[in-house]
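What follows is a set of notes on a single structure, which appears directly below.
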Amino acid sequence: MELVNVVRFSQASVVCFAVIVTSLFSQYPCTVIELKSNAITSSRRGLSTSHVVDSRPRRSLFPSDMKRQLVDKHNELRRLEGASDMEYMFWNEYLASMAEDWAKTCRWEHGQPSRPSGEPPFDQIGQNLYVNTGTFDPLQGIQAFYDEVAFYDYDTGACSKPPCGHYTQVVWSKSVELGCAYAYCSSMINIDLINANYLVCNYGPAGNYVGQKPFAKGKPCTGCSSGHFWCDNDLCRRDCTAQSSKCQCRAACQNCATTVRSNCTCSCTPGWTGIDCSERCEDRNAYCGANPGWPVSWCYKDNVRKNCPALCSLCSINPGGDSSICKTTTTTTTTTTTTTTPPPTTPPSTPTTTRTQTTPTITPTTTPTTTRTTQQQQRDQQHGQQLRQQ
């Protein structure tokens, strides 16, 4: 699997983005300029502006009120997208502890600290990085990630001024958990900065898959991937169990389906399937039930179940089903992808997706007090220094 490692510099800011495969516990560099000694200090309370040089690592997790503000900031930005499947984001303390350990290295590159096998809550973790000097406001870092929206074309997936990966990770609909931490670094490694505040945010599960859109446009909470259409101010909430002020049922079931109010799901009529019953109950791959192909005994595989709902008895076949007899008030646009994988000789596995990789040329500013984000790094070329991807 390729990983996204893109970076840009400017006089104003520095930000980095990558996806980390935690099962490998490898360190994937974002940029390298030169190695420098580093020392780390941070306040246990989280937002210290003290520049006391101390070689002993200290706690760099945020206090509870800042954790809430970081989550609220992400959810505020996610609500702006007009998405049908945007999930409410929650704080994950384990992701935050991993972010803390990485921030304390003061290394301007992507990676995750070593963890025992099976401990990380996600196989793949997205990561955004931000560093500044002077007054530190982590919420400005989150806003800097999102501001790349100005260069992103949703319809084509193109980015006119790369990178846009920080933005797409923040609004990746299926990234539902967040953990951030920071460290004060007397000097950074791999970037020429001193007295820096280093912010690391981890996201799970990771986003930014090539060829996939970060979210689906549509009426909010009508495309929640869990199949439960509980809604909290236009964001899908998978932790709801009953109707409440923060758990409003927004199910928009199609084709004569019944809305099950107790759990806010759709019960499809024969001939239909999908979370909102908008898809025909039919197999979507020639190898469903074929010999050689995918036998019914392989229905425990996710990709077989996805491509062969009829074979796997996930719905009832009714070729004569006619949606025109149903009175529906909402129409949800659904995109179906058909695969043409050759007949497997071994049980199929979930298709592998890839991510892009970009290596820019940058020069960091030497201004004493700056706020940096990598979203503008390519424009700072004052000294002609070259970055290389490790």
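A few comments on the model shown:
- Bridging of K104 to aspartates and glutamates at a Cα separation below 13 Å is possible for D54, once same-chain residues fewer than 8 apart are set aside.
- Cα gyration tensor, segment 210-319 - rounded (a/c under 1.5), prolate or oblate: prolate
- With a cut-off of 11 Å between beta carbons, the residues surrounding N307 carry a summed charge of +1, where Lys and Arg count +1 and Asp and Glu -1.
- If the chain linking T241 and N291 were pulled fully straight, counting 0.36 nm for each residue of separation and taking away their Cα-Cα distance, it would gain 13.7 nm.
- By the rule of a C-alpha distance below 20 Å, with chain neighbours fewer than 8 residues away ignored, the aspartates and glutamates paired with K67 are E76, E87, E93, E100, D101, D137, E177, D232, D239.
- Label-zone membership for segment 64-101, site R115, 7 angstrom Cα→C-beta point, backbone N under 17 Å: 90-101
- For G227, net neighbour charge (Lys/Arg +1, Asp/Glu -1) across residues whose Cβ lies under 10 Å away: 0
- Across segment 142-192, C-alpha contacts under 8 Å between residues 6 or more apart give a mean separation that, scaled by the residue count, equals a relative contact order of 29 percent.
- The aspartates and glutamates whose alpha-carbon is closer than 13 Å to the alpha-carbon of K161, local same-chain residues fewer than 8 away aside, are D147, E148, D153.
- Cα shape, segment 72-142, gyration tensor, a/c 1.5 rule: oblate
Read the figures in this text as sums done on the coordinates, not as results from a lab. Here the structure is a predicted model, which means the values were calculated and not measured. Neighbour counts are summed over all protein chains in view; Cβ atoms, including those assigned to glycine, are modelled from backbone coordinates with ideal geometry.
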